[in-house]
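Everything below concerns the one structure shown next.
What follows draws every value from the coordinates through simple rules; no lab data is involved. Note that this is a predicted model, so its numbers are computed, not measured. Ideal geometry is used to build each Cβ from the backbone, glycine not excepted, and the neighbour counts take in all protein chains shown.
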């Protein structure tokens, strides 16, 4: 790590994005500057920014435009993470204490709002330089759809059934996952590719949510302990699979525990989940869905395959 807090590794593309982000963050001696520096010291994989940058290269978009759009989508994604941590009342993000836990809910909320504002600023710069007036509109529409999906996720008093879970996962994840490619296609005036990509991103968003849920159960998602979603009574693919495998009496007990304000029986249900086949069953479904993704992507034009590479490479690296 360099003296200014940037993570330096072999990912030159990621390093470039990090440098660009640090150039637009508040100064270190400001209140939000310290918050921003803490959050971006562990910046994540930059999947969305890389989709924007790699697809822009393929469509020969001006680098100055593509980096502005990449920053716009990455900042919006990080804003959604900050707000998710507030809603979920979690303390960890990317393996370390998160902004909410370190600085409090109010500062975290303000920083998330700042990221959204900065995201629209970068989108406007990309729109101005590329003469693409729709960029701010599709950015705002993605935020609206993600917010609606997130609110639906939080509205359940008990766990949704499997198909409802998949729909919610798609609603809250696919808009920001599709966003970087959508913007580049708008800039390149390749609107004919939007519909087939939407089908693929909808399925991919479900895969991503299931993958993240499985990592939570394994304790490899950056939280302090395995099975934290179950302890927090938060929707999780593996937990839903576990619940649906329970007999009627056990399901009644589980639903009753979910709705209780106390967490006395958390260890009991964690033990039962570990002893079940829920994780294996979820992994099987995940692999089947990922195979469907590969089949669909194989039939796509080469242009769309290039756009999908960052996501496909990321999911291939995961082992369950």
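Expressed as a rounded percentage, what relative contact order does the chain have, with Cα pairs under 8 Å and six or more residues apart?
17 percent
Test of understanding: what is the full-extension gain from residue 87 to residue 317, defined as 0.36 nm times their sequence separation minus their Cα-Cα distance?
79.9 nm
Let me know the volume per residue of the alpha-carbon convex hull for region 1-113, in Å³.
Residue-normalised Cα hull volume stands at 101 Å³.
Bins of 5 Å, beginning at zero and ending with the bin holding the largest distance: percent of Cα pairs per bin for region 202-297, please.
Computed distribution, short to long bins: 2, 13, 23, 23, 17, 11, 6, 3, 1, 0.
So what's the gap between the Cα centers of region 36-88 and region 239-267, to the nearest angstrom?
For region 36-88 versus region 239-267, the Cα centre distance is 37 Å.
Taking the mean number of other Cβ atoms within 10 Å as a proxy for protection, how do you rank 291-301, 73-83 from highest to lowest?
73-83, 291-301
Output the Kirkwood hydrodynamic radius of region 26-87, Cα pairs only, in Å rounded to one decimal.
Computed over Cα pairs of region 26-87, the Kirkwood hydrodynamic radius comes out at 12.9 Å.
So for the pair residue 305, residue 144, with labels modelled 7 Å out along Cα→Cβ, what separation do we get in nm?
Simple spin-label model gives 3.6 nm for this pair.
How much FRET efficiency would the formula 1/(1 + (r/R0)^6) give for residue 113 and residue 259, where r is the Cβ-Cβ distance and R0 is 35 Å, rounded to 0.05?
0.65
What FRET efficiency, computed as 1/(1 + (r/R0)^6) with R0 = 51 Å and r the Cβ-Cβ distance, is obtained for residue 268 and residue 191, rounded to the nearest 0.05?
Once rounded, the FRET efficiency stands at 0.45.
Here are labelled values, (i) 41, 22, 17; (ii) 31, 22, 21; (iii) 34, 24, 17, and one is the computed semi-axes √(5λ) of the Cα gyration tensor in Å for what I pasted. Which one?
(iii)
Sort 255-261, 168-174, 55-61 by the packing proxy (mean of other Cβ within 10 Å over each peptide's residues), most packed first.
Per-residue mean Cβ counts within 10 Å order the peptides as 168-174, 55-61, 255-261.
Mind ordering 12-23, 90-101 by average Cβ neighbours within 10 Å, highest first?
Order by mean packing, descending: 90-101, 12-23.
With labels modelled as points extended 7 Å from the Cα through the Cβ direction, what inter-label distance (nm, one decimal) is found for residue 28 paired with residue 151?
Here the modelled spin labels are 4.1 nm apart.
By how many degrees, between 0 and 90 and to the nearest 10, does the Cα long axis of helix 12-24 differ from the longest principal axis of the chain?
Relative to the chain, helix 12-24 is tipped by roughly 80 degrees.
Over what distance in Å are the Cα centres of region 134-169 and region 94-108 separated?
23 Å
By how many nm would the segment from residue 124 to residue 45 grow when fully extended, if each residue of separation counts as 0.36 nm and the alpha-carbon distance is taken off?
The span from residue 124 to residue 45 would gain 26.0 nm if fully extended.
Okay, helix-only estimate at 222 nm for the chain: each DSSP H run of n ≥ 4 adds -39500 (n - 2.57), divide by all residues, round to 500 deg cm²/dmol; what do you get?
Helices in the chain give a 222 nm mean residue ellipticity of -24500 deg cm²/dmol.
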